[in-house]
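I am attaching a structure below and will ask some questions about it afterwards.
The values are calculated or read from the model by the stated rules, or taken from the named source; none is laboratory data. These figures come from a predicted structure and were not determined experimentally. Here the Cβ positions follow ideal geometry from the backbone for every residue, glycine too, while neighbour counts run over all protein chains shown.
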Amino acid sequence: DSIYKKKCEQLRQELEVTKKRLQQEHEEEIETHLTAKKTLNKRLSEALENIEEERQISKQWRRKATQLGQELQEVKILLQEEVARMTELDKKGKKYYADLNTVYQQLEEEKYLKEKLMKEKDQVISKLSDLQKDLLQLEQLKRTKQQLEWQIRDQQEEMEDMTSRMQLMEQAKVKQDKELEKLRQETEKEISAREEELEEIKASATKR
């Protein structure tokens, strides 16, 4: 009977030691699980912040593209107005040359009218001065048109470059979303495996 009690006491002590060891391992597993969970949550939060930052940058590029499109439309309208003005000046120039030709014909026909000839000559000189001013203005308009065309070309190139950047940003976002989804699945799988392992340890400890 003494031997039986001694064995029972020995088994009870061993069982107690085993319970304490399992309890300690269980606590360590829980702590490891919580640490891993915190780390994964931190990585997930950082990934979400990066995604939000990329979205904000994409919105800014879209707003800039819209603004450039509006400016381009305004430049086109201005160019159309300048072209119309140049066309009108060209018509005035042709009309002036026609009038000038008529004046010279009249001068040839009415040489004997000196006084009238002098008056018409003054008129011709005045018209020539106006024509020179118109021609100078026409040259200025041509230069303005060329500058506007250069500006339009530069803005179109900038818009094409911006569109390319936006496409790259969208591709990077899709890739990051896929990586985030993969990380989430791996995290859930790891947590599930940890939980199953803990359940097995609990079940094993209960059986003992």
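Does any residue in segment 59-87 that is over 29 Å from Leu131 (Cβ atoms) come within less than 9 Å, Cβ to Cβ, of a residue that is among the small types (Gly, Ala, Ser) six or more places away or on a different chain, and which pairs are these?
none
Looking at segment 137-150, I want the residues that are in contact (Cβ under 8 Å) with a residue 40 or more places away in the chain and under 12 Å from Asp90 (Cα atoms) and have a partner that is among the basic types (Lys, Arg) and in a helix (DSSP H, G or I) with Cβ atoms under 7 Å, at least 6 apart or on another chain. Which pairs are those?
Sorted first by the residue in segment 137-150, then by its partner, the pairs are Leu141/Arg85.
Quick grid of which residues meet (1) of a type in the set (S, T, N, Q); (2) over 28 Å from Thr87 (Cα atoms); (3) modelled with pLDDT of 85 or more:
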{"position": "Leu100", "(1), (2), (3)": "no, no, no"}
{"position": "Leu107", "(1), (2), (3)": "no, yes, no"}
{"position": "Glu110", "(1), (2), (3)": "no, yes, no"}
{"position": "Val124", "(1), (2), (3)": "no, no, no"}
{"position": "Lys127", "(1), (2), (3)": "no, no, yes"}
{"position": "Asp154", "(1), (2), (3)": "no, no, yes"}
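Here's another thing I want to ask about it. Go through Glu71, Glu54 for me and flag whichever is surrounded by 14 or more Cβ atoms within 10 Å (Cβ to Cβ) and under 24 Å from Met162 (Cα atoms).
Going through Glu71, Glu54 in turn, just one is surrounded by 14 or more Cβ atoms within 10 Å (Cβ to Cβ) and under 24 Å from Met162 (Cα atoms): Glu54.
Would you point out the residue of segment 21-51, among those that are farther than 17 Å from Leu198 by Cβ and charged (D, E, K, R), that is surrounded by the most Cβ atoms within 10 Å (Cβ to Cβ)?
Arg43
Being among the basic types (Lys, Arg) and either in contact with a Phe, Trp or Tyr (Cβ under 7 Å, 6 or more places away or on another chain) or more than 30 Å from Glu186 (Cα to Cα) (or both): is that true of Lys59 here?
yes
Go through Glu170, Glu149, Glu179 for me and flag whichever is assigned to a helix (DSSP H, G or I), over 30 Å from Leu40 (Cβ atoms) and not basic (Lys, Arg).
After applying the criteria, what remains is Glu149.
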